[in-house]
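What follows is a single structure, written as structure tokens, with notes after it.
Values quoted throughout were computed directly from the atomic coordinates according to the rules given, and no laboratory measurement underlies them. This one's a predicted model, so the numbers in the text were calculated from it and none came from an experiment. Reconstructed Cβ throughout: ideal geometry from the backbone, glycine too, with neighbour counts over all protein chains shown.
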Amino acid sequence: MDPARKESGSTPHRRTPEPSPRDLLRAAAEFLTLHHTEERLGDPARRIAAARAEIADTGTYRHTTRELVFGARVAWRNANRCIGRLYWHSLSVRDRRDVRDAGEVAEASADHLREATRDGRIRALITVFAPDTPERPGPRIWNEQLIRYAGYTRPDGGVTGDPRNAGLTAAARRLGWPGGPGTPFDVLPLVIEDAGAAPLWFTLPEDAVLEVELTHPEYPWWHALGLRWHAVPAIANMCLEIGGVCYPAAPFNGWYMGTEIGARNLADTDRYDLLPFIADRLGLDTRTDRSLWKDRALVELNRSVLHSFDQAGVTVTDHHTESRRFLTHLGREERKGRPVGADWSWIVPPISGSATPVFHRTFEAVELTPAYVHHPEALERARGAVLS
Ligand code: ARG
């Protein structure tokens, strides 16, 4: 992939697998101090001493549930690419650190989706599975998100479905997944790996996956295009890193901002690439860029997404509202004396950037922990072992 591209160029990944006990203790002390300070728990010295003893004994230490909840929330607060951080403190946390078996991870992930979806009144939720320890790695979910659409590579080299997931689709097939019906919107199975063993695949139960069929506020024919998207974006392949401890399987979700679907997933040329198709249906002149057919198709596609989610009673936000909220968040954090890191190129919405206030300022990209990070090395190693 082109290294200059946004996706690969700035992927936050900081840590290679196990830190030394010294690094771990330093990270632990820093986190425990932050926790004690922000939650006004007094002097952290005793807690740090306990962690030190536990690390000397076992090579790692265990967070209390309260620390885990705080860590998961602050990791969201520290997510430089996320425009939706105003609600970081409302993140609900399911503590499933007792779970590492692939089948149980799959089951608990389906429960996660049910609890997050609530018929459309989506709530921000994270489920935390077993951490990596010196003794054994925690489980890993290969899917980028709990709900993703298959991308079937055709003999002619084209892809039916979401090209972004062609790799995972092929991997699932090799692991024995028979494939779905072959529509452009087949939900992929979960592919889950427990402690370096060969991953297993698990079909998501239908009642765990809410989808929205796209209609348009003005064009009755739009529905017949057969477009749809899933209601809940649940990132599943990032590691939650708290005080030096890595939780490799910790799927988390908020709710969608319409542009993620209407201006990226369905529109990017390396995704569903629907702008030429939509422009054609709208009767626009696609022979010249200067008719702004792409821009006009983008706007109608985005209206369709917001309209359809609203009609279906599924939580969705728009980029104007969310940009304003983000500035509210910055103001609040500033008053608390906490620096907010942000990546301008991710914060500014993919359409109508200059019509939103986040466009007209700059941000500092300070990287703080706790954090959600990618561990590409670990994943690649695992994939290589199984798929080569
Ligand atoms: N952009 C991703 C997608 O379109 C989802 C990323 C997380 N988004 C969110 N609103 N929490 O599926």
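Can you tell me which residues in segment 229-251 are of a type in the set (V, I, T) and part of a loop (DSSP other than H, G, I, E, B)? Within segment 229-251, just V232 meets the criteria. Among the residues making up segment 252-292, those that are assigned to a loop (DSSP other than H, G, I, E, B), within 16 Å of the ligand (Cβ to nearest atom) and surrounded by 15 or more Cβ atoms within 10 Å (Cβ to Cβ) are G254, W255, L266, A267, D268, R271, Y272, L274.
Summed over segment 325-340, residues that are part of a helix (DSSP H, G or I) and either within 16 Å of the ligand (Cβ to nearest atom) or within 22 Å of H35 (Cα to Cα) (or both) total 9.
For segment 125-162, a tally of residues being out of contact with any His (no Cβ under 9 Å at 6 or more places or on another chain), surrounded by fewer than 20 Cβ atoms within 10 Å (Cβ to Cβ) and of a type outside the set (S, T, Y) returns 9. Out of curiosity, is P339 of a type outside the set (A, V, I, L, M), within 19 Å of V74 (Cβ to Cβ) and in contact (Cβ under 8 Å) with a residue 12 or more places away in the chain? Yes. Checking the structure you have, find out if any residue of segment 59-78 is in contact with a Lys or Arg (Cβ under 9 Å, 6 or more places away or on another chain), outside any loop (DSSP other than H, G, I, E, B) and within 16 Å of the ligand (Cβ to nearest atom). Yes, the conditions are met somewhere in segment 59-78. Give segment 305-341 a look and list any residue that's over 22 Å from the mean Cα position of the chain (by Cα) and within 25 Å of E367 (Cβ to Cβ), or say none. T328, G331, R332, E333, E334, R335, K336, G337, R338, P339, listed by residue number.
For segment 86-124, filtered to residues that are in a strand (DSSP E or B), under 18 Å from the mean Cα position of the chain (by Cα) and not β-branched (V, I, T), the residue that is surrounded by the fewest Cβ atoms within 10 Å (Cβ to Cβ) is S92.
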